[in-house]
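Here is the structure we will look at, set down as structure tokens.
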2 protein chains.
Amino acid sequence: MTVDARLIALDWGTSSLRAYLLGDGGTTLDEVAKPWGIMAVPDGDFAGALNLLTGHWRQERPDLPAIACGMIGSAQGWRETAYVRCPAGPDDLIAAMRRATPPDADIPLIVPGVALDGALPDVMRGEETQVLGCLARLPELAAESTLVLPGTHSKWASIRDGRIASFSTYMTGELFSLLSRHSILGRPAQAAGKEPRNDREAAEAFDWGVRTILDNPRRGLSSLLFSVRTQVVLSARLPAANSLDYLSGLLVADELRNAIDPGRKTSADKFALIGDPALCGRYQRAFELFGAGEVPAITNTAQAGLWRLAEAAFHGNPVS
Amino acid sequence: MTVDARLIALDWGTSSLRAYLLGDGGTTLDEVAKPWGIMAVPDGDFAGALNLLTGHWRQERPDLPAIACGMIGSAQGWRETAYVRCPAGPDDLIAAMRRATPPDADIPLIVPGVALDGALPDVMRGEETQVLGCLARLPELAAESTLVLPGTHSKWASIRDGRIASFSTYMTGELFSLLSRHSILGRPAQAAGKEPRNDREAAEAFDWGVRTILDNPRRGLSSLLFSVRTQVVLSARLPAANSLDYLSGLLVADELRNAIDPGRKTSADKFALIGDPALCGRYQRAFELFGAGEVPAITNTAQAGLWRLAEAAFHGNPVS
């Protein structure tokens with residue numbers, strides 16, 4: 001299987017480690033994953049964890065190079081890489097990668113994160129690689145586009161001339177997790193946990209949350225959030241079992257309304273969503289309800305981004 | 001001590017039970033409190049808890065009447081009272097109070113909560129009584145004003161002709177608690193927990209949070225929240241020990257910007273803050289930074305509200 005192997009590509013974040021064995025042209029030959037995010041690596045032993053997960057790929061090719069992106073390059077990771085400043089393109093990232101020197105031959109090449117300076121600074125680690133992978137697969141977006149990466153900390157990246165010109169972070173996923181697990185808003189759904197859910201009704205509740213944001217353009221999130229409770233408890237219009245879908249609709253639409261003007265014609269061909277298909281599906285639906293048309297979604301762009309960076313870094317031939 | 005006692009007034013909420021012994025004219029003769037919110041009453045025995053806390057007040061006057069406001073009137077409380085609909089004034093609340101009938105002589109008279117119907121319904125329980133107490137003490141606000149009750153679920157009540165015409169809830173306090181205890185934003189402050197704090201620097205961090213909202217009128221909360229992290233970790237402009245003051249400034253100012261237009265002349269004499277003095281102080285500072293002048297703050301209005309309702313309900317003489 002490993003005869004054509006060229007590169008071990010690692011997407012190593014806060015909550016998981018995903019490893020891909022890539023062959024010629026960046027095709028995926030094999031993949032493995034563990035919940036070994038940087039704070040959950042067994043015994044804090046990054047080299048040991050990597051060897052446990054991918055050691056079998058190196059049995060025939062001990063010199064198979066490795067490249068990693070994500071929080072593995074943070075101060076809490078394996079080896080810190082300094083942020084590259086916006087505007088950041090592939091060349092900037094490549095120049096700032098921490099190279100594996102001979103004594104550290106086992107350490108993968110680590111892709112730096114990207115920072116935005118200014119009055120409101122911002123940071124990303126890992127998403128820059130997904131952005132590059134997306135642009136490699138959808139090159140028509142390289143000249144000018146907005147790429148949206150939903151997640152715990154969603155990123156909206158403005159692309160100009162193949163580089164990340166600027167970006168901003170939304171804590172949408174983390175707010176959803178906190179509110180559904182720890183706040184008063186999560187209680188009805190927890191109590192209803194064992195009721196069978198109806199997919200159509202869940203989708204309707206999500207739509208309703210999006211429309212509530214659209215119908216109340218001047219009203220802030222911290223006020224609209226309380227409607228998750230009142231629509232269940234007071235009006236009884238929202239079934240408890242679907243209340244978190246409504247919450248999700250509110251949060252996703254609140255993110256969107258910061259970036260696009262509802263009603264104003266938005267050119268959907270200048271947007272793309274990157275990430276988990278189910279999550280991207282929710283954002284696609286919200287874009288649609290905002291009147292922004294059909295936004296494409298792609299998944300697994302980290303491999304393409306890591307391949308592109310490794311190709312350049314290893315002068316077109318990852319295996320030296 | 002109890003010779004002049006006329007009424008036991010109870011502010012019984014989600015997290016605490018505060019009991020006041022009131023004398024002629026509603027003066028406070030004594031007060032006691034326990035963390036016996038409705039979900040934390042020992043053995044769920046409301047009558048037993050009340051007797052433990054206030055039984056000594058009734059030794060000489062077993063017929064001393066009692067009145068209660070707050071979550072004690074909810075479905076999870078002692079006895080459910082239906083919500084009164086907006087516009088809600090003293091007469092509406094009095095008519096809807098659950099009266100203690102002879103077999104229930106120990107049960108206090110319970111003040112109903114207030115509900116706002118419509119596309120975005122809203123509810124309060126307890127705050128309606130604080131509003132009445134505030135209007136009893138500051139009658140010049142009765143004709144037209146906005147009363148702000150900061151807290152876990154902050155309420156903004158529009159007053160017209162002595163009644164609560166409408167209101168809205170902001171989850172500011174609960175968001176602060178969730179984000180500081182459970183999110184990535186709370187970690188630097190937790191790590192810095194033992195450093196001595198500097199009050200002036202803490203106040204500056206709060207002001208900075210407020211100004212960040214003012215400087216970014218088009219940017220939503222879930223995006224600005226991430227700056228709590230980046231200003232500590234990336235720019236290093238925000239000391240970790242003060243990062244939660246900055247977070248508090250963001251959240252309080254986000255609440256304010258929903259209600260008042262920065263820059264537009266706001267008549268501060270039409271506003272009042274009701275609640276804990278330290279918390280009201282933060283809101284006063286934020287009002288000031290919004291250019292809305294000096295907003296008065298008053299505390300302990302529940303007693304005045306309960307006295308006013310009891311006086312009317314017991315025909316001017318609480319002790320029958």
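Go through the range A:121-135 residue by residue and tally those that are assigned to a helix (DSSP H, G or I) and either of a type in the set (D, E, K, R) or touching a His at 6+ places or on another chain (Cβ under 7 Å) (or both).
Of the residues in the range A:121-135, 2 are assigned to a helix (DSSP H, G or I) and either of a type in the set (D, E, K, R) or touching a His at 6+ places or on another chain (Cβ under 7 Å) (or both).
Only one of B:D4, B:D30, B:D63 is touching a Phe, Trp or Tyr at 6+ places or on another chain (Cβ under 9 Å) and either within 22 Å of B:F314 (Cβ to Cβ) or of a type outside the set (D, E, K, R) (or both). Can you tell me which?
B:D30
In the range A:83-99, is there at least one residue being hydrophobic (A, V, I, L, M, F, W, C), within 14 Å of another protein chain (Cβ to nearest Cβ) and in contact with a Gly (Cβ under 8 Å, 6 or more places away or on another chain)?
Yes, because at least one residue in the range A:83-99 is hydrophobic (A, V, I, L, M, F, W, C), within 14 Å of another protein chain (Cβ to nearest Cβ) and in contact with a Gly (Cβ under 8 Å, 6 or more places away or on another chain).
Within the range A:67-83, which residues are among the hydrophobic types (A, V, I, L, M, F, W, C) and crowded, with 22+ Cβ neighbours inside 10 Å?
A:I67, A:A68, A:C69, A:I72, A:W78
Hand me the list of helices (runs of 4 or more DSSP H) wholly inside the range A:153-262 holding 2 or more residues that are at the interface with another protein chain (Cβ under 10 Å from one of its Cβ atoms).
By residue number, A:172-182, A:199-215, A:221-224, A:227-233, A:243-259.
Quick one: which of B:L279, B:L289, B:L309 is touching an Asp or Glu at 6+ places or on another chain (Cβ under 7 Å) and modelled with pLDDT of 90 or more?
B:L289
What is the residue count in the range B:136-152 for residues that are among the small types (G, A, S) and part of a helix (DSSP H, G or I)?
Number of matching residues: 1.
Restricted to the range B:108-148, and to residues that are of a type in the set (A, V, I, L, M), away from chain A (no Cβ under 14 Å) and more than 12 Å from B:P90 (Cβ to Cβ), which residue is surrounded by the fewest Cβ atoms within 10 Å (Cβ to Cβ)?
B:A143
Being surrounded by fewer than 20 Cβ atoms within 10 Å (Cβ to Cβ) and over 20 Å from the mean Cα position of the chain (by Cα) is the filter here, so list the residues in the range B:84-97 that pass it.
B:D91, B:D92, B:I94, B:A95, B:A96
Looking for something closer than 21 Å to B:I298 by Cα and surrounded by fewer than 24 Cβ atoms within 10 Å (Cβ to Cβ) - is there at least one such residue anywhere in the range B:175-198?
No - not one qualifying residue is present in the range B:175-198.
The values are calculated or read from the model by the stated rules, or taken from the named source; none is laboratory data. Quick caveat: nothing in here was measured; it's all calculated off a predicted structure. Neighbour counts are summed over all protein chains in view; Cβ atoms, including those assigned to glycine, are modelled from backbone coordinates with ideal geometry.
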